[in-house]
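The values are calculated or read from the model by the stated rules, or taken from the named source; none is laboratory data. Here the structure is a predicted model, which means the values were calculated and not measured. Note: ideal-geometry Cβ built from the backbone for every residue, glycine included; neighbour counts use all protein chains shown.
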């Protein structure tokens, strides 16, 4: 029977995944028996740029590590440097950072929900998710000046402020988004065809999720209540944050986590907008950084980790980024063997791979 | 079947997208668009070139020249915020597409010592040149 084994390449160019992830699937008939990953197609060497760009310019570089959660990368980097220098961003800046981070979480999750629907062939849901995503993109553009690369964080605070009329307009757009989400709730969570394609597919048990080091919705979809926002960086301490947890551990549970995280992020933004404190936007930065710092934040895909070493000059010595997709690749390779070939795109997408983040 | 209502409404309703090149949306006032230098006010202090993360700006203080490469620029507006005389302006419209690369060169009054200031004023023909490369 061994001559019935075939190797099928998946990626780096594949219709379901625009990012260059390459996996060799060993299949027997329709069943996947092995998966061998290959990474390294989009390495850009962004970490080594710390030696040629000063630490303020690096904010714009770290934002470009990821094209979808750029603001959260900058948030993590600025927080790490602020810890190192012993300064704290003013309260208003902390709240604004939460607002923009959560806007990014919403648009990342809506993009993913659309792509996920596309992976199991539900094109109209795909289009509808991307249609309501425009509300968030418009909010980002109107408040920060850009749709995706917001460039609002600087070391010591934020660069943009929200005017009262902008806040009113934002709340209105969020209500429209909420309406759009309500229309899609039944389709995404109760529809028969969606459940057929996602329930029981790509199962990751609670123990395996922990053992293999899963992060983010992949981890929370397997029943672990672990979220970096529980540590209360930025203003999450002051807001009413509750992590979303599902226990099933399959693709459906991970989709459900992301769907409810969108709704919860909208609540967080509303709460932050209503309680936005009055203060300065930036604090004065005392000289150049010196020492070591580590910081962790929650990206849409999971835990993001920054290590920074500085030597008292304006150029940093070393920066190390660990992204959640890197943590989620071992669980993915654990989920794949045993599945049917048509389920492969659904399972690969269920960890929300961001390969540009992973390779930098 | 939950999606049917939505699909029918989208089928009969207006499209969500615009016929872009023909029909353009009003830009948001806070949008980061084209950066221009009102060179009459520029003191060629080099602050913009120092903060630029992509080295898109180079300043020649002696010749009074401000070079700017819009194809290197990432429109982060760090230079606009740093500018001490507020001579850098960012308008909320994006740059029009171009088939050739070019650099923007703005020539103004060079920064001169106070004794020679009167002499410098005579040649303050601020003009914009777009050099084609």
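Details
- Only a single criterion out of (1) within 12 Å of another protein chain (Cβ to nearest Cβ); (2) assigned to a loop (DSSP other than H, G, I, E, B); (3) loosely packed, with under 15 Cβ neighbours inside 10 Å is not satisfied by residue B:8, namely (2).
- Restricting the range A:165-197 to residues that are within 21 Å of the chain's Cα centre (by Cα) and away from chain B (no Cβ under 14 Å) leaves a set whose member that is farthest from residue A:253 (Cα to Cα) is A:174.
- Any chance residue B:23 is at pLDDT 85 or above, more than 14 Å from chain A (Cβ to nearest Cβ) and surrounded by fewer than 16 Cβ atoms within 10 Å (Cβ to Cβ): yes
- Filter result (crowded, with 21+ Cβ neighbours inside 10 Å, part of a helix (DSSP H, G or I) and within 8 Å of chain B (Cβ to nearest Cβ)) within the range A:111-155: A:125, A:128, A:143, A:144
- Pick from the range A:46-70, criterion more than 9 Å from chain B (Cβ to nearest Cβ) and buried (at least 24 other Cβ atoms within 10 Å of the Cβ), ranking: farthest from the chain's Cα centre (by Cα): A:62
- Test for residue A:223: is it part of a loop (DSSP other than H, G, I, E, B), in contact with a helix residue (DSSP H, G or I) (Cβ under 9 Å, 6 or more places away or on another chain) and crowded, with 20+ Cβ neighbours inside 10 Å: no
- Selection from the range B:45-54 of residues that are more than 12 Å from every other protein chain (Cβ to nearest Cβ) and either under 20 Å from residue A:63 (Cα atoms) or buried (at least 22 other Cβ atoms within 10 Å of the Cβ) (or both): B:48
- Taken as a whole, the condition of being crowded, with 17+ Cβ neighbours inside 10 Å and in contact (Cβ under 8 Å) with a residue 60 or more places away in the chain applies to residue A:73.
- Residues that are surrounded by fewer than 15 Cβ atoms within 10 Å (Cβ to Cβ) and in contact (Cβ under 8 Å) with a residue 60 or more places away in the chain, drawn from the range A:172-190: A:185
- If the condition is being within 11 Å of chain A (Cβ to nearest Cβ) and either under 19 Å from residue A:147 (Cα atoms) or touching a strand residue (DSSP E or B) at 6+ places or on another chain (Cβ under 6 Å) (or both), then the range B:74-103 contributes B:74, B:75, B:76, B:77, B:78, B:80, B:90, B:92, B:94.
- Considering residues of the range A:156-171 that are touching a residue at least 60 places away in the same chain (Cβ under 8 Å) and under 30 Å from residue A:55 (Cα atoms) only, the residue surrounded by the fewest Cβ atoms within 10 Å (Cβ to Cβ): A:161
Yes/no per residue for (1) modelled with pLDDT under 85; (2) away from chain A (no Cβ under 12 Å); (3) in contact with a strand residue (DSSP E or B) (Cβ under 9 Å, 6 or more places away or on another chain); (4) within 30 Å of residue A:183 (Cα to Cα):
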position	(1), (2), (3), (4)
B:16	yes, no, no, yes
B:39	yes, yes, yes, no
B:56	no, no, yes, no
B:62	yes, yes, no, no
B:68	no, yes, yes, no
